[in-house]
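Novice: Sharing a structure with you now.
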Amino acid sequence: MKQSLFLIFTFFCILFSSTNVNAQQNDFLVKAGIKETIHSKILKEERTYFIHLPRNYKETKKYPVTYIIDGEVFLPTVANFHEFYSGGFIPEMILIGISNQKNRTRDLTTSKIKKKYGMPFKEKNGEAENFLKFISEELIPQIELKYSVTNYRTLIGHSYGGLFTIYTLINKPELFANYLAIDPSLDWDDQKLIKDFKKQMLNSKYKNKSLFITLSGQLHMQNPNITIENVMQDDSDFTIFARSNLKLKDILQSKINQHIAFNWKFYPNDLHGTVAYPSISDGMISMFRWFQMEKTDRFNSFDTPKEELLSIIKYREQKLLNHFGYKVAPYPEDLMNMSGYMYMDMNQPEKAKMFLELAIDFYPNSANVYDSMSDFYLRNENKKKALEFAQKAYEIEKSDYLKKKIKKLSK
């Protein structure tokens, strides 16, 4: 349905941020994640997770999924980031926060140890293999059964969760496309995971995988003179956490790594407990940099030829197909629809028709796009075609508005 030209311009200006700042109409200013449970036969216990759907979630549309370790802590942060950046910077996604309040060390550590830093370590540990099996064979299938999702997934973990994230990449890389390891505990078991990773780096199973690792500024617990420049020269237990991180970074940035798209970032002003917040923002933007729209200046210009606009749209459509592995509409429905009305108002009917035809192609189950095409033909004094598309819209959505429109056009 028609939008004012002012609103169209506004939409173009805010598209990249896609910010939703209106609070939901409930007793909470912010509400992230609905609690759900699953009985795990693998872990032999009930497991809690939290699901956060996009604001305009539709069962007719399929969404990528992000799984977040320690979901009760980090899901609100990821959800907040998603609210601000989805649409222009990252795709709309379903967020799954996995609870790790119970048996966290058991589930997230990747090999069994009895001593840590020379001291006895009696906490149950080293069962990441079981936890990964739970995620891949029980949790993901349940999410796919209950919600409209694709198989394009992202995994986020902090500390032990970061260790588990990298463990998953090594042992079951096909499960996720993107891996965000925040200040990971790579010192675990004398850096065993790093050694395992180095042996497998040439394996082609890592092709098209994206890994983002971060390191907090807490390089030494007691010595402020230890910096990122000299930390590798220290051989004490106080710096092994940071040195492990830097060791894996060097391996991933070497010629050994021929497949993984790797990025790394250091946060000198953040501690282990605070680094998750900026890491989530930077990591997600980095891993989805390919998703950002291209040539927006040409897209926003009224003088851009129709053929060039179509070329930009088709390029983006193919780019998203290459990354996701399945067909995705290159632009939101509202943008395609509004562009059609904008060019109608600018007396450029060929461009208007092109955008509305593409909107129908990309969103064939939307009554709105057929109604918009009906308006296009009405503007061009073709009542027969206007009636035809209004009827198609009514077949999808039996609204009073469309019923009245059809009745009026039928006269």
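The values are calculated or read from the model by the stated rules, or taken from the named source; none is laboratory data. No experiment lies behind these values; they were computed from the predicted model shown. Because the Cβ atoms are built from the backbone with ideal geometry, glycine has one as well, and the counts that use them run over all protein chains shown.
Novice: Within segment 158-169, is even one residue touching a Ser or Thr at 6+ places or on another chain (Cβ under 9 Å) and either more than 24 Å from Arg243 (Cβ to Cβ) or in the same structural domain as Leu320 (by TED's automatic domain parsing) (or both)?
Specialist: no
Novice: If you don't mind, another one. Would you check if Tyr179 is within 17 Å of Thr154 (Cα to Cα) and in contact with a Phe, Trp or Tyr (Cβ under 8 Å, 6 or more places away or on another chain)?
Specialist: Answer is yes for this residue.
Novice: Follow-up question, since we're still on this one. Which one is modelled with the lowest pLDDT among residues in segment 90-106 that are outside any loop (DSSP other than H, G, I, E, B) and closer than 30 Å to Lys62 by Cα?
Specialist: The qualifying residue modelled with the lowest pLDDT is Ile90.
Novice: I'd like to check something: does segment 247-259 contain any residue that is without any contact (Cβ under 8 Å) to a residue 60 or more places away in the chain, among the β-branched types (Val, Ile, Thr) and assigned by TED's automatic domain parsing to the domain that holds Ser339?
Specialist: Scanning segment 247-259, I find no residue that is without any contact (Cβ under 8 Å) to a residue 60 or more places away in the chain, among the β-branched types (Val, Ile, Thr) and assigned by TED's automatic domain parsing to the domain that holds Ser339, so the answer is no.
Novice: Test each condition in (1) within 19 Å of Thr110 (Cβ to Cβ); (2) surrounded by fewer than 22 Cβ atoms within 10 Å (Cβ to Cβ); (3) modelled with pLDDT of 95 or more; (4) not β-branched (Val, Ile, Thr) for Gln233 and report the one that comes out false.
Specialist: Against the list (1) within 19 Å of Thr110 (Cβ to Cβ); (2) surrounded by fewer than 22 Cβ atoms within 10 Å (Cβ to Cβ); (3) modelled with pLDDT of 95 or more; (4) not β-branched (Val, Ile, Thr), Gln233 comes up short only on (1).
Novice: All but one of (1) part of a loop (DSSP other than H, G, I, E, B); (2) more than 20 Å from Met284 (Cβ to Cβ) hold for Tyr57, so report the exception by its number.
Specialist: Only one criterion is unmet by Tyr57, namely (2).
Novice: Just to verify a result, which residue in segment 35-52, among those that are hydrophobic (A, V, I, L, M, F, W, C) and closer than 12 Å to Asn130 by Cα, is surrounded by the fewest Cβ atoms within 10 Å (Cβ to Cβ)?
Specialist: Top of the filtered list is Ile42.
Novice: Return the pairs, sorted by first residue and then second, in which the second residue is surrounded by fewer than 23 Cβ atoms within 10 Å (Cβ to Cβ) and of a type in the set (Gly, Ala, Ser), the first residue lies in segment 135-164 and is under 21 Å from Glu92 (Cβ atoms), the beta carbons are less than 7 Å apart, and the residues are 6+ apart or on different chains.
Specialist: Tyr152/Ala177; Tyr152/Gly325; Arg153/Ala177; Thr154/Ala177
Novice: Answer yes if at least one residue in segment 388-399 is in a helix (DSSP H, G or I), of a type outside the set (Ser, Thr, Tyr), out of contact with any Ser or Thr (no Cβ under 7 Å at 6 or more places or on another chain) and crowded, with 19+ Cβ neighbours inside 10 Å, and no otherwise.
Specialist: no
Novice: I'd like the full set of residues that are in contact (Cβ under 8 Å) with a residue 12 or more places away in the chain and assigned to a loop (DSSP other than H, G, I, E, B), limited to segment 303-325.
Specialist: Matches in segment 303-325: Gly325 only.
Novice: Here's a check for you: in segment 29-54, which residue that is free of Cβ contacts under 8 Å to residues at least 40 places away in the same chain and in a loop (DSSP other than H, G, I, E, B) is nearest to Ser148 (Cα to Cα)?
Specialist: If we take residues in segment 29-54 being free of Cβ contacts under 8 Å to residues at least 40 places away in the same chain and in a loop (DSSP other than H, G, I, E, B), then Lys31 is nearest to Ser148 (Cα to Cα).
Novice: Given the conditions (1) of a type in the set (Ser, Thr, Tyr); (2) under 29 Å from the mean Cα position of the chain (by Cα); (3) closer than 22 Å to Lys61 by Cβ, report the number of the one that Tyr315 does not fulfil.
Specialist: Here Tyr315 meets the rest and fails (3).
Novice: Pick from Lys398, Lys353, Lys405: which is more than 30 Å from the chain's Cα centre (by Cα) and at pLDDT 95 or above? Let's see the steps before the verdict.
Specialist: Numbers: Lys398 fails: at pLDDT 95 or above; Lys405 fails: at pLDDT 95 or above.
Criteria check complete, one pass: Lys353.
Novice: Let me confirm something: among Tyr343, Tyr370, Tyr394, Tyr401, which residue is under 20 Å from Lys306 (Cα atoms) and in the same structural domain as Glu317 (by TED's automatic domain parsing)?
Specialist: Tyr343
Novice: Look at segment 189-211 and say how many of its residues are at pLDDT 90 or above and either under 12 Å from Arg243 (Cα atoms) or of a type in the set (Ser, Thr, Tyr) (or both).
Specialist: 4
Novice: Okay, moving on. For the condition hydroxyl-bearing (Ser, Thr, Tyr), in contact with a Ser or Thr (Cβ under 9 Å, 6 or more places away or on another chain) and closer than 30 Å to Asp400 by Cα, what is the one hit in Tyr331, Tyr363?
Specialist: None of the other options fit; the residue is Tyr331.
Novice: For segment 329-340, enumerate the residues that are part of a loop (DSSP other than H, G, I, E, B) and touching a residue at least 60 places away in the same chain (Cβ under 8 Å).
Specialist: Correct list: Pro332 only.
Novice: I want to confirm something. Restricting to segment 81-102 and keeping residues that are more than 10 Å from the chain's Cα centre (by Cα) and free of Cβ contacts under 8 Å to residues at least 60 places away in the same chain, which single residue is surrounded by the most Cβ atoms within 10 Å (Cβ to Cβ)?
Specialist: Ile96
Novice: Would a scan of segment 66-76 turn up a residue that is within 30 Å of Gln191 (Cα to Cα), hydrophobic (A, V, I, L, M, F, W, C) and surrounded by fewer than 21 Cβ atoms within 10 Å (Cβ to Cβ)?
Specialist: Taking every residue of segment 66-76 in turn, at least one turns out to be within 30 Å of Gln191 (Cα to Cα), hydrophobic (A, V, I, L, M, F, W, C) and surrounded by fewer than 21 Cβ atoms within 10 Å (Cβ to Cβ).
Novice: Also, quick follow-up: Considering only residues that are assigned to a loop (DSSP other than H, G, I, E, B), within 19 Å of the chain's Cα centre (by Cα) and of a type outside the set (A, V, I, L, M), look in segment 251-302 and name the one that is surrounded by the most Cβ atoms within 10 Å (Cβ to Cβ).
Specialist: The residue in question is Phe288.
Novice: Can you name the residue in segment 107-128 that is surrounded by 14 or more Cβ atoms within 10 Å (Cβ to Cβ) and outside any loop (DSSP other than H, G, I, E, B) and, of all such residues, is farthest from the chain's Cα centre (by Cα)?
Specialist: Ranking the qualifying residues of segment 107-128, first place goes to Lys116.
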